[in-house]
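See structure below.
What follows draws every value from the coordinates through simple rules; no lab data is involved. This is a predicted model, so every value here is computed, not measured. Note that each Cβ is placed from the backbone with ideal geometry, even for glycine, and that neighbours are counted across all protein chains shown.
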Amino acid sequence: MNILCVGAHPDDVDIGMGGTILTLIDQGHKVSILDLTDGEPTPKGTHEKRMAESAASSEILGIAERITLDLENRFLEDSKEARRKVAAVIRRIKPEILFIPYWVDAHPDHIAGSNLAVAAAFTAKLTKTDIEGEPFQPKKVFSYFSSHLRLIIKPSFIMDISKFMDKKLEALTCYKSQFAEQDREEYLKDMIRSNGHHWGAMIKREYGEAFACREEVGLKGIEDLVI
């Protein structure tokens, strides 16, 4: 399958579903990441630092491609122009599956990024438009959790990432300007492991990552269920 993961900032996707990306690639799927902004300004970051960090993380994850748009960090919005830019990426990559931020969050950019991705996925299928590329619409849209809120959420499904937790953490340590240089790296690792243990326990595995879907999730068979 061809899969596209959308985040408001560099590191959002890596935090929310880095283990799932590693799992999907290990299973033979093609995964790309779209960062809607470069995440700047931040206290210790620069555009150049963030691009180098996301490139280093991407190499560890083994993704096919990482795209960074020039939308405005801190003031991200679902605008006409933003929809066109994201829709053009969707048309070019043609992902069957689209992963986006969860639609409830304390960070306005995460909420806006979720809404923008949904709108762009719909826009990408439209005919009689000058958006570059042929009309295309992802078959399914799933939301990962990279939330600034402490929420109790009932997920639609949980991915077993036990095999890849250490490699996910290795990828996240690439974002030194956001974590190590702000004395937050150990907190991040503890949080990621704690959340992973929680979701993993729900499916009787060591680590998991949870996802939500606004639609029901169907199965072709039961042979791949985690039991």
> Only one residue in 86, 104, 118 is assigned to a helix (DSSP H, G or I) and either under 30 Å from residue 202 (Cα atoms) or among the acidic types (Asp, Glu) (or both), so which one is that?
Replying inline: 118
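From the list 153, 67, 131, 93, exactly one residue is under 22 Å from residue 216 (Cα atoms) and among the β-branched types (Val, Ile, Thr). Which is it?
Values: 67 fails: under 22 Å from residue 216 (Cα atoms); 131 fails: under 22 Å from residue 216 (Cα atoms); 93 fails: under 22 Å from residue 216 (Cα atoms).
None of the other options fit; the residue is 153.
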> Among 139, 125, which is free of Cβ contacts under 8 Å to residues at least 40 places away in the same chain and more than 14 Å from the chain's Cα centre (by Cα)?
Replying inline: 125
> Within the range 1-38, which residues are crowded, with 24+ Cβ neighbours inside 10 Å and of a type in the set (Asp, Glu)?
Replying inline: 11, 12, 14, 35
> Which members of the range 51-99 meet the condition of being crowded, with 17+ Cβ neighbours inside 10 Å, out of contact with any helix residue (DSSP H, G or I) (no Cβ under 9 Å at 6 or more places or on another chain) and under 19 Å from residue 178 (Cα atoms)?
Replying inline: 51, 53
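State yes or no: is residue 95 within 24 Å of residue 191 (Cβ to Cβ), part of a loop (DSSP other than H, G, I, E, B) and of a type outside the set (Asp, Glu)?
So residue 95 does not fit the description; no.
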> Applying the selection to the range 32-50, what residues are touching an Asp or Glu at 6+ places or on another chain (Cβ under 8 Å) and without any contact (Cβ under 8 Å) to a residue 24 or more places away in the chain?
Replying inline: 47
> Within the range 118-135, can one find any residue that is within 30 Å of residue 56 (Cβ to Cβ) and charged (D, E, K, R)?
Replying inline: yes
>> Go through the range 31-50 and report how many residues are among the small types (Gly, Ala, Ser), over 13 Å from residue 6 (Cα atoms) and touching a helix residue (DSSP H, G or I) at 6+ places or on another chain (Cβ under 6 Å).
In response: 1
>> Of the residues 119, 171, 124, 212, only one is small (Gly, Ala, Ser), closer than 30 Å to residue 82 by Cβ and in contact with a Pro (Cβ under 6 Å, 6 or more places away or on another chain); which?
In response: 212
